[in-house]
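Student: The structure that follows is given in the form of structure tokens.
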Amino acid sequence: MDSPIHRILHPKAVAFVGASNNISTMGTAQMSHMLDGLFPGRIYPIHLKEEKVLGLKAYKKLTDLPEVPDLLVLVIRNERVPEFIDVAGRMGTRCAVVISGGFAEGGQSGMNLQEKMLQAARKHDLRMVGPNCIGVLETRYPFNITYFPYTLKPGHVGVASHSGTYLTHMFPVFKRLDIGLSAGLSIGNEADLGMADCLEYFEQDEHTRAIALYIEGFKHGRKFFEVARRVSKTKPIVALYVGGTPEGGHAAVGHTAAMAADDKLVQSMFDQAGIIRADGAEELYEMANGLTLMPPMKGPNIGIITNSGGPAVTAADKAAKLGLKVPRLAQETVDELKKVMPHTGVLNNPVDVTFSDRHDLLLAILPELLLSDPNVDGLLVYGIFSADFYLEVPAIKKSIGADVIHSLHEMQGGLLDQFIEIAHKHDKPVVGSTFLDRSDTAVRRLIDGGIPFFRTPEQAVKALHALYSIGRYRTLQSGA
Amino acid sequence: MDIIESARAAGLTTLSEHQAKQVLAAYDIPVTDERVVADADAAVVAAGEIGFPVALKASGAELLHKTEHEAVALGLKDAGAVRQAADRLLKAGIPGMEGLLVQQMIPSGRELLVGMTRDAQFGPVVAFGLGGVFTEVLKDVSFRIAPLTGQDALDMMQEIRAHKLLDEFRGMPPVDRDVLAGLLVNVGRLAMELGDVAELDINPLMVGAGGPVAVDALIRLTDPKS
């Protein structure tokens, strides 16, 4: 793949300016992650005084390096940036990540400096991410020059963000919600490469299955729209958008111009481009992750299986508000339900097993029945948990014994594997909702089996709605 | 387009209603049958050709928001009414008036708005919504970036809060959504092809039993300096 973003994420020789042996500086932290023993390239710290930086031989200037670096990383004072870009460009370097701030985000002199930097880059055909960003990471190569270490497994969500925090400070959230990234780019001021370039990279990247964007405004709005509209037909795009430019500025005489207020127009653009809009940072990533795991939903009808009324009611309510349906089940399905359900159970959608001890119902029999029902396009399951909590109950642990609890785990384990198989064989999305997390044995096993779990029933329904929107968009806009 | 070039040559930044409609007609957007005339006699002749009743409006490239100047007379049923209205308009001293526009009266139907503007971020944008006196009050409008697919146009119609107005309504048959979608797609095409057009308002676009007709239209040209 010959995209500049690809080259920036897979460097072979990195010249790093701005790291030292002082761990309180940003540059030092950002360079340190390359020294985790996994980064396959060569690292050349540039430092005027130090012999060594973080144990690596340091060089006084770029022209002292034993080879031409294919990536230049700058975490230095803003005034010095254009010069470094120019020197590297003359040497033959074609990529840079400029972390430094103090450019177009801060007034006229910063804007002038950004223009000067850009001219230096253009002269040498050098492409850059930044300035005013927190770096980039790629999880398989791997390569990480963001501020924080990435210790999670490589995943399938590609991220581009105007905010450095909404990339790097989310790593703990990714851990909690079991989300893995393919790559992430903090794109800062988008002086050169921007959102649309990231989309084009993720479109081609085989490991990226869904794209999460944090957007504060549109530097190249038209290009973004055109690229997003194409990419969303093959990979789901979720975006969190806030703020933007104020409306107006032109001499409107008609009604149309005056009413094209910013947020409404952006929402229309998202709808037209097939972009799912998230409401908050956690939702952005939770949703994007769910979309990497499940196929689009072919119709608006969701089946709900629950072990309790409350979550089913909130899920059904959310579904109605979003325009999804919780349909009656086919007569054949209802006939089957009569045979298998406990006498307290609810024999139609939402199917409520009412705290039954029959794990086989919740995990195998009901999912198979509902997913086989032609009235059901996608499935939400609430109420799966393991016997873990018994280990916390002294009376049970003492009188019944941990070995009994473990054998219960084993019995449930087989059913969990059945659930995973059923969930993936119908070409209909299946999502889970739980108030537990991967510390629960059963939830963990399903998450690891590729079933997305959401923090609340409402979030799970939102994910099904997103899958429905994506399916609908692709069907209706396929001729476009 | 000749109309735009001659307006540019004359240093104008807006087109007259009649000129704007000629631009629309070039993009297969149905417009009222109408003529621009200079005096009351010619107005009566034109009205006879078009067929009664007619509307009479003051005409001029820089004459915007005509109703504010009481520069419109509607539902004129015969030659006498046309002559009387023409005399009144000609004597009223309306600023920017260059002539009289005699126009076919379209039976009342749903009053919709179709428009376009150019957004600094996204380029040409097409708008659809409630027209007439409700436009400013309710702001019930949807947007799509040009060019539009047919599906974009259908989505825009469904997106306004009052979309049920497009179904069977007060004895009117439902709007032919495919026809209306075609019209919106054409406005998108106009926006892409005519870079000189900065803004377009068709308001109202009257949609009754006979299909959509642009009853009033406004076109502002881009600033030649920018």
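Student: Using only Cα atoms, locate the centre of region A:355-409 and the centre of region B:133-206, then give the distance between them in Å, rounded to an integer.
Tutor: 52 Å
Student: Please list 3J(HN,Hα) in residue order for region A:407-415, calculated via the Karplus relation 6.51 cos²θ - 1.76 cosθ + 1.60 where θ = phi - 60°; whole Hz, with x for glycine and proline.
Tutor: My calculation for region A:407-415 gives 5, 5, 4, 5, 4, 5, x, x, 5 Hz in order.
Student: Further question on the same structure: Subtracting the Cα-Cα distance from 0.36 nm times the residue separation, let me have the gained length for A:Lys123 to A:Leu35 in nm, one decimal. Mind dumping the intermediate values first?
Tutor: Numbers: separation 88, 0.36 × 88 = 31.68 nm, distance 3.23 nm.
Between A:Lys123 and A:Leu35, full extension yields 28.4 nm more.
Student: I've got another one for you. Counting alpha carbon pairs within less than 8 Å and at least 6 residues apart, what relative contact order, in whole percent, applies to chain A?
Tutor: Numbers: 952 pairs, mean separation 50.3, N = 480.
Normalised by residue count, the contact order of chain A is 10 percent.
Student: Which shape class applies to the protein assembly as shown: rounded if a/c is under 1.5, otherwise prolate when a/b exceeds b/c and oblate if not, where a ≥ b ≥ c are the square roots of the Cα gyration tensor eigenvalues?
Tutor: Details: a/c = 3.47, a/b = 1.36, b/c = 2.54.
Oblate, because a/c is 1.5 or more while a/b does not exceed b/c.
Student: For peptide B:136-147, what's the mean number of Cβ atoms from other chains within 10 Å of each residue's Cβ? Please list the in-between numbers first.
Tutor: On the way: counts 3, 0, 0, 5, 1, 7, 4, 12, 5, 10, 0, 1.
Mean shielding count: 4.
Student: Continuing with this model, one more query. If Lys and Arg each add +1 and Asp and Glu each add -1, what is the summed charge of the other residues whose beta carbon sits under 11 Å from the beta carbon of A:Phe39?
Tutor: The answer is 0.
Student: Another question, if that's okay. For chain A, find the longest principal axis of its Cα atoms and tell me its angle to the long axis of helix A:107-123, 0 to 90°, nearest 10.
Tutor: The answer is roughly 80 degrees.
Student: Right, here's the next one. Taking θ as phi - 60°, what are the ³J(HN,Hα) couplings along region A:365-375 by the Karplus curve (6.51, -1.76, 1.60), each to the nearest whole Hz, with x for Gly and Pro?
Tutor: 5, 5, x, 5, 4, 6, 5, 7, 6, x, 7
Student: Across the Cα atoms of chain B, what radius of gyration and what greatest pairwise Cα-Cα distance (Dmax) are found, in Å?
Tutor: Cα-based Rg and Dmax for chain B come out at 17.6, 52 Å.
Student: Now a separate question. When every alpha-carbon pair in region A:30-175 is counted, what percent end up more than 21 Å apart? Display every interim value, and only then the final one.
Tutor: Values: 5047 of 10585 pairs.
The calculated P(r) of region A:30-175 puts 48 percent of pairs beyond 21 Å.
Student: Provide the FRET efficiency to the nearest 0.05 for the A:Arg90-B:Ser6 pair, computing r from the beta carbons and using R0 = 60 Å. Walk me through the numbers before you get to the answer.
Tutor: On the way: r = 54 Å, r/R0 = 0.90.
Rounded to the nearest 0.05, the efficiency is 0.65.
Student: Return the single residue from B:Gly129, B:Gly115, B:Gly211 with maximal mean-square fluctuation; model: Gaussian network over chain B, springs between Cα atoms under 10 Å.
Tutor: B:Gly211
Student: Less than 9 Å Cβ to Cβ from A:Leu48, Lys/Arg counted +1 and Asp/Glu -1: what total charge do the surrounding residues give? Walk me through the intermediate numbers first.
Tutor: Values: positive: A:Lys49, A:Lys60, A:Lys61; negative: A:Glu50.
Net charge in that neighbourhood comes out at +2.
Student: Is region A:282-338 best put as rounded, prolate or oblate by its Cα gyration tensor, with a ≥ b ≥ c the root eigenvalues, rounded for a/c under 1.5, and otherwise prolate when a/b is larger than b/c, oblate when not? Write out the running numbers ahead of the final one.
Tutor: On the way: a/c = 2.01, a/b = 1.64, b/c = 1.23.
It comes out prolate by the Cα gyration axes.
Student: Here's something else I'd like to know. For A:Lys428, go through the lysines and keep the ones whose alpha-carbon is under 16 Å away, minus same-chain ones fewer than eight residues off.
Tutor: Here the lysines satisfying the reach criterion relative to A:Lys428 are A:Lys298, A:Lys325, A:Lys462.
Student: Give me the one-decimal nm value for the distance between modelled label points at B:Lys91 and A:Ser478, 7 Å along each residue's Cα-to-Cβ direction.
Tutor: 6.8 nm
Student: What 222 nm value per residue comes from the helices of chain B, counting each DSSP H run with n ≥ 4 as -39,500 (n - 2.57) and dividing by all residues, nearest 500 deg cm²/dmol? Don't skip to the end; give the middle numbers.
Tutor: Details: 7 runs with 74 residues, N = 226.
It comes out at -10000 deg cm²/dmol, rounded to the nearest 500.
Student: Using Cα positions and a limit of under 14 Å, work out the aspartates and glutamates in reach of A:Lys123, with same-chain residues fewer than 8 apart set aside.
Tutor: Result set, ordered by chain and number: A:Glu83, A:Asp86, A:Glu115, A:Asp192.
Student: With θ set to phi - 60° and the Karplus curve 6.51 cos²θ - 1.76 cosθ + 1.60, what are the ³J(HN,Hα) couplings of region A:341-349 in order, to the nearest whole Hz, using x for Gly and Pro?
Tutor: Along region A:341-349, the couplings run 7, x, 5, 7, x, 9, 9, 8, 6 Hz.
Student: Here's a follow-up. How large is log10 I(q)/I(0) at q = 0.10, 0.13, 0.19, 0.21 Å⁻¹ when the Debye formula is applied to the Cα atoms of region B:1-90, each weighted equally and without solvent?
Tutor: -0.28, -0.47, -0.94, -1.08
Student: Something else: Between B:Glu98 and residues 5 or more places away or on another chain, which pairs have amide H atoms under 5 Å apart, with H built 1.01 Å from N, and which residues are they?
Tutor: Close amide H contacts, sequence-distant or interchain: B:Ser59, B:Gly60.
Student: Still on this structure: Averaging over every viewing direction, what projected area does the convex hull of the Cα atoms of region A:27-78 cover, in nm²?
Tutor: Working: hull surface 16.0 nm².
Average projection, Cα convex hull of region A:27-78: 4.0 nm².
Student: If you don't mind, there's one more thing I want to ask. I need the semi-axes of the equivalent ellipsoid of region A:4-290: take the C-alpha gyration tensor, multiply each eigenvalue by 5, square-root it, list largest first in whole angstrom.
Tutor: In descending order the semi-axes read 33, 23, 16 Å.
Student: Note down the Stokes-Einstein diffusion coefficient of region A:296-476 in µm²/s, whole number, using a Kirkwood radius over alpha carbon pairs, 25 °C, and 0.890 mPa s. Please list the in-between numbers first.
Tutor: Numbers: Rh = 16.7 Å.
It diffuses with D of about 147 µm²/s by this estimate.
Student: For region A:296-476, what's the relative contact order in percent, using C-alpha pairs closer than 8 Å and at least 6 residues apart? Could you put the intermediate results ahead of the total?
Tutor: Numbers: 308 pairs, mean separation 54.1, N = 181.
Over region A:296-476, the number comes to 30 percent.
Student: Moving on to the next point. Cα to Cα, under 22 Å, and not fewer than 8 places away if on the same chain: which lysines meet these conditions relative to B:Lys139?
Tutor: Of all the lysines, those that pass the test against B:Lys139 - Cα under 22 Å, at least 8 places apart if same chain - are A:Lys264, B:Lys66, B:Lys164.
All of the numbers you see were taken from the coordinates with simple rules; none came from a lab. All of these numbers come straight from a predicted model, not from anything done at the bench. Every residue, glycine among them, receives a Cβ derived from its backbone with ideal geometry; neighbour counts consider all protein chains shown.
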